[in-house]
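Let me begin by handing over the structure; questions about it come next.
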């Protein structure tokens, strides 16, 4: 009776046993996995649903038959998207705005963040404050519109890219990154070796800052990809619209205003609803793809960069 | 008038443009258009139209002068009947096909801001109807399209406000959803030109509509008694009761062996049969469906007290006095009835909380017995086949309450469409007035609606019948027309009753609108007197702000109370609970709210 008990005790207190495998730790892991699994499901389910819905037939959708897997699989919606010159053009425009917005934003942020990180910069605190003020207090739509209008940017692609090209939040992250990772000592060493300020920035600071470059590219890219407001406000020519604005218009027009419901409108109504049901989910999928493709490439830098930048 | 006093005038009459539509988002956005930006806007737009500014800002509707027309310009008259005319039914009242000549050489190009619309219009500048209008009138127009609706379908004037603020004004706005309060305010401030005299001289078609439908003239006027808008009207018969119409699934009705109920108790029995016999065979029958977008009170409460459409905020008119019905003893009786349905297990919280999508899903599964919906398409997907679920829904007429009340949620108010608003930047407003007037002619109207004559639509043959069984006027060969052919409903139109009835309808396979008409007829017999219905009101700018604010507290409170009383979360039979509801409304300023409506009722030109 007592033997097995003794054995157990000996086994568990043997010096070679793994540390940290106690009951409480195992319970902790289990809870941890459970919570993570719930979170993953919360993220994965909507994605799966949208993908399934985009492949299903519209009738199944309105009947509520689709909840996880596609019903009546077909690719009509995707065919319709690629048939629509507006959506294709919007997609290409969005790619253009995203690439240029990400590059421009990153360059500006690197420059500003690096300079603000250098302690010998005169009026450094004042300059930082100066950057913060407009970030916290926005002038509002009409004054901004006036600025863009008077600069002659209305209805040009620059109106989408330039306003808000640099985010102060990103500058602060970048500044902290440089403060932590490019200390004064390296600078002094480089000076001794004969590097001037530009050479130091380009040949030492920039190569050291791959993580923060990745973070900036991703932040600016995703923001630009998802944004529609600048385009809505400043663009008139539909050929310049980014995808998100085109999607917004499709969404708007799928809303049926019952007061406009006249007999003559039945055909229109049916056509609109069908188009919308067919396109809605497929468009979400299409709009989702580029960030999903880009993310894995920057992900390894992303975690590192955002974390370093966040610690003061 | 000298410039300084003009500025004074503007300051006197304008501070911020606020909608009266109770759209919180919109009100928020519009408050950014403050008096200062408004001043800057008008100032930077140049002091072109000084005449309009002389108008000052008297809000006194007192004795509006009859417009005399433009001096030394002969009054334009209706054109002769076109050689290519349709057959009209005998009692036809509405737009007719007429011949008109171009009146402009196109020397000046005018700019008009229009709503972006890629489903129907496509590119406004290359659109077929745009070209047709240019050939017809000679007026050269550059269209600038702007997205004017938010993703929820509500008006979104952010960009329009920015343009006005920046002084980037076009010659006119067509189809931009300004609220009546905004049109009134901007008109008084001189941003929009008054059109009264121009209409007298240049708009024979519109003057004809004034004669055909005497309500329109007053409806177009702003608070100062002037007309700033050239507007479309649609005499849509079935729309008059759509916000309060209920439907019943005919097959389900027959399956349970019931007939159309006539009293509230009949209705209860019917719902009980639906529940017990489950004609849907799904085990999840929904005896009665309604939801957030289609409130149930506009139907059911009319068996207890006159209850108007949701946008009237439970206001009706009694002997010229605006009154609020949702705190009356009769209202309480209605709530008691809902509560008893709940106690019988015939309704649940879904009746108040279901979204349009949820209702549609239930309907498509065939689970709905009685449904409160604007039209059948909200209860089941509309298809081309008349044997599908959507076509099985027939109107459920109002039922009689215990006190003998049996009314429909009917509105006789004019149903208007998009406006044309000419700005103070326009130097030849007469061109635009005439241009808009040409759109009211029948051929133009059909071309915009349906595309190209001959390929997309045509006149009806002699003997073909319309919705009411009389001679039809027109029919659609291909509908909707291809993108880029017409403007849909974004032109200035006159959908008179005769015009709407004039569409060819096969008696064996009636047109969809005919179904809606049939669903409206039993409601018309039960409509309340016109004098008791709240007319379309314009709130002045201060009242518009107050109205929007009060609306945001009062309306959700009443809506919530309906649900809570019905679902037993508040006890409708407890006098203390009821008194608390009434006194909370008092605290929320229901008196002031009613007063705002009373003032608007007294001052809105009619």
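The values are calculated or read from the model by the stated rules, or taken from the named source; none is laboratory data. Every value quoted in this text rests on a predicted model; they were computed, and no experiment measured them. Every residue, glycine among them, receives a Cβ derived from its backbone with ideal geometry; neighbour counts consider all protein chains shown.
Among the residues of the range B:352-364, are any more than 18 Å from residue B:297 (Cβ to Cβ), part of a loop (DSSP other than H, G, I, E, B) and not assigned by TED's automatic domain parsing to the domain that holds residue B:152?
Looking through the range B:352-364, none of the residues is more than 18 Å from residue B:297 (Cβ to Cβ), part of a loop (DSSP other than H, G, I, E, B) and not assigned by TED's automatic domain parsing to the domain that holds residue B:152.
Could you check, for the range B:315-331, whether at least one of its residues is under 15 Å from residue B:565 (Cβ atoms), touching a residue at least 40 places away in the same chain (Cβ under 8 Å), more than 12 Å from chain A (Cβ to nearest Cβ) and part of a helix (DSSP H, G or I)?
For the range B:315-331, residues under 15 Å from residue B:565 (Cβ atoms), touching a residue at least 40 places away in the same chain (Cβ under 8 Å), more than 12 Å from chain A (Cβ to nearest Cβ) and part of a helix (DSSP H, G or I): present.
Something else about it: Here are the criteria: (1) part of a loop (DSSP other than H, G, I, E, B); (2) closer than 25 Å to residue B:448 by Cα; (3) not assigned by TED's automatic domain parsing to the domain that holds residue B:234. Tell me which single one residue B:490 does not satisfy.
(3)
Kindly list the number of the only condition in (1) closer than 28 Å to residue B:177 by Cα; (2) in contact with a helix residue (DSSP H, G or I) (Cβ under 7 Å, 6 or more places away or on another chain) that fails for residue B:482.
For residue B:482, the failing item is (2).
For the range B:441-467, which residues satisfy the criterion of being in a loop (DSSP other than H, G, I, E, B) and away from every other protein chain (no Cβ under 12 Å)?
Those that are in a loop (DSSP other than H, G, I, E, B) and away from every other protein chain (no Cβ under 12 Å): B:441, B:452, B:454, B:455, B:460, B:461, B:462, B:463, B:464.
Inside the range B:138-151, can you point out the residues that are in contact (Cβ under 8 Å) with a residue 12 or more places away in the chain and either at the interface with chain A (Cβ under 9 Å from one of its Cβ atoms) or not in a strand (DSSP E or B) (or both)?
B:138, B:139, B:144, B:145, B:146, B:147, B:148, B:149, B:150, listed by residue number.
Taking the range B:239-254 only, how many residues are under 27 Å from residue B:279 (Cβ atoms) and part of a helix (DSSP H, G or I)?
Count: 7.
Would you list the helices (runs of 4 or more DSSP H) that sit entirely within the range A:83-179 and hold 3 or more residues that are within 14 Å of chain B (Cβ to nearest Cβ)?
Helices (runs of 4 or more DSSP H) meeting the threshold: A:85-117, A:141-150.
Would it be correct to say that residue B:298 is part of a helix (DSSP H, G or I) and touching a strand residue (DSSP E or B) at 6+ places or on another chain (Cβ under 8 Å)?
yes
Filter the range B:357-387 down to the residues that are more than 10 Å from chain A (Cβ to nearest Cβ) and either modelled with pLDDT of 85 or more or in contact with a helix residue (DSSP H, G or I) (Cβ under 8 Å, 6 or more places away or on another chain) (or both) and list them by number.
Across the range B:357-387, the qualifying residues are B:359, B:367, B:368, B:369, B:370, B:371, B:372, B:376, B:379, B:385.
Here is a yes/no grid of residues against (1) buried (at least 16 other Cβ atoms within 10 Å of the Cβ); (2) closer than 26 Å to residue B:203 by Cα:
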position: B:456; (1), (2): yes, no
position: B:459; (1), (2): yes, yes
position: B:463; (1), (2): no, no
position: B:469; (1), (2): no, no
position: B:473; (1), (2): yes, yes
position: B:479; (1), (2): yes, no
position: B:491; (1), (2): yes, yes
position: B:497; (1), (2): yes, yes
position: B:506; (1), (2): no, no
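Of the conditions (1) in contact with a helix residue (DSSP H, G or I) (Cβ under 6 Å, 6 or more places away or on another chain); (2) closer than 23 Å to residue B:306 by Cα; (3) in a helix (DSSP H, G or I), residue B:537 satisfies every one except a single condition; which number is it?
Every condition holds for residue B:537 apart from (3).
For residue B:586, which of the numbered conditions (1) free of Cβ contacts under 8 Å to residues at least 12 places away in the same chain; (2) assigned to a loop (DSSP other than H, G, I, E, B) fails to hold?
In the conditions (1) free of Cβ contacts under 8 Å to residues at least 12 places away in the same chain; (2) assigned to a loop (DSSP other than H, G, I, E, B), residue B:586 misses (2) alone.
How many residues does the range B:570-596 contain that are more than 25 Å from residue B:335 (Cα to Cα) and buried (at least 18 other Cβ atoms within 10 Å of the Cβ)?
1
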